[in-house]
1. Would you kindly state how much longer the chain becomes between A156 and R259 on full extension, computed as 0.36 nm times their sequence separation minus their alpha carbon distance, in nm to one decimal?
2. Quick one: with all protein chains in place, what share of the accessible area of the range 69-211 is carbon or sulfur, to the nearest percent (1.4 Å probe)?
3. Using θ = phi - 60° and the Karplus relation 6.51 cos²θ - 1.76 cosθ + 1.60, list the HN-Hα couplings for the range 67-72 in order, rounded to whole Hz, with x at every Gly or Pro.
4. Mind ranking M106, M61 by accessible surface for me, highest first, 1.4 Å probe?
5. For the range 358-398, what is the Kirkwood hydrodynamic radius in Å, using each pair of distinct C-alpha atoms?
6. Using amide H atoms built 1.01 Å from N in the peptide plane, name the residues 5+ places from K193, or on other chains, whose amide H lies under 5 Å from its own.
7. Tell me, what is the per residue accessible area of the range 31-178 in Å², probe radius 1.4 Å?
8. Over the range 235-338, what is the mean sequence separation of C-alpha contacts under 8 Å (at least six apart), divided by residue count, expressed as relative contact order in percent?
Amino acid sequence: MTIAPFKTIDQLPVRGKRVLIRVDFNTPLTDAGRVADDSRVRMSLPTIRYALSEGCRIILMSHLGRPKGTFNKNLSLKPVAEALSALLNTRVAMAPDCIGPKVEEMARGLKAGEILLLENLRFHPEETANDTDFARSLAELGEVYIEDAFGAVHRAHASVASVPSFFKVKGAGFLLKKEVEVLTHILEAKTGKFALILGGAKVSDKLGILHSLIGKADTILIGGAMAYTFLKAQGIEIGKSLVETDRLDDAKTILEKARAAGSRFLLPEDHIVSAGISADASFHTTDSTAIPLPFIGVDIGPKTIQSYEEQISQAAIIFWNGPMGVFEVPPFSKGTFAIAGAVAASDAQSVVGGGDSVRAIHESGAADKISHISSGGGASLEFLEGKQLPGIQALLST
Ligand code: AMP
């Protein structure tokens, strides 16, 4: 397996140091202000535990939601400090802000093995604006920088892209290392049995990965609303289904590229169609690929499920991002769950990314059968597109 291009925390002189770790604690919260799903917090534990074992003074920083640059008590990271404290069985101090004299005092006062969680970075507009002075203030809190927020490395935000430039000693945590290794392995795979499964709302979000992986993936399975843009591009009737009319030419280009590369590019051959997108709307299965007016395509049909399952069972490598239909509405979630089941049942090296696909995998109880569940939907897509990600680039420069 290719070695990640940066140093990891266990290769750096961190013993006893004040270590500033960018984590991804962007967790869903309940109405009562508690962490609803602590999986992102758990994913950061190996790095935090390693830092504890090295007697580091640990300063954690993250964003949570989209507070748009102002304080919002509903998006405070305080509940995450409590969840982390319970997971580690140790005290996690909560800072009142992420920069400023009080925070500096708390960071400097840390003793070996103590943890301080900074308040939501996005309470300051300078975070998303990638402001240098803001980045410098954050950087002054630590002696070593560790990036472990894979879900944020594709963003050119201050804590990700600029803070590392103030450090000589910097590197990745174990989560970032694992993500980069798994995705690099996919990019460098020599096998001819690579199935790329893409779904979700928009073709436009997936054009980059299609351009990059056609030729590497010999089988491409398309579901979700993005399929209709490809069908319409071929002159097939799609009723009132969601479509990106400004992407029809892009869709044609992709179809031609797949044909030229000799890739198997499969689109739904039947659909679940409905009069509207709600659980109580009537729905039925089409016999063929066309969707007549006035119906809306809401999920892949049974023939498509069977054909996609067959392809998945023959793959040696699978990458899946995006639901096959309107997965949030129970009657239209069958296709997505069927794909989740097929990916879980396969012996392939399987990687799943993206909120809905990951949710489907968890809800189908098959998460432990997936080789790797990526913590970054957008970041994993951009990585596989071959883009240079700001948070990774920042670790490479000196
Ligand atoms: P994305 O964020 O691109 O992964 O898209 C996820 C969204 O795509 C989900 O909210 C789905 O409800 C939506 N989606 C999937 N299939 C369809 C469809 N056939 N019609 C409308 N929306 C869809």
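The values are calculated or read from the model by the stated rules, or taken from the named source; none is laboratory data. Predicted, not measured: the structure shown is a model, and the values here were computed from it. Don't worry about glycine lacking a Cβ; one is built from the backbone with ideal geometry, like all the others, and counts go over all protein chains shown. Only protein heavy atoms, including side chains, enter the accessible area calculation; ligands, DNA and RNA are left aside. Shrake-Rupley method; radii C 1.70, N 1.55, O 1.52, S 1.80 Å.
1. Computed gain between A156 and R259 is 33.5 nm.
2. Here carbon and sulfur together make up 49 percent of the probe-accessible area.
3. x, 6, x, 10, 5, 9
4. Solvent-accessible surface, decreasing: M106, M61.
5. 12.2 Å
6. For K193, whose amide H was placed from the backbone, the distant partners under 5 Å are A316.
7. 44 Å²
8. 28 percent
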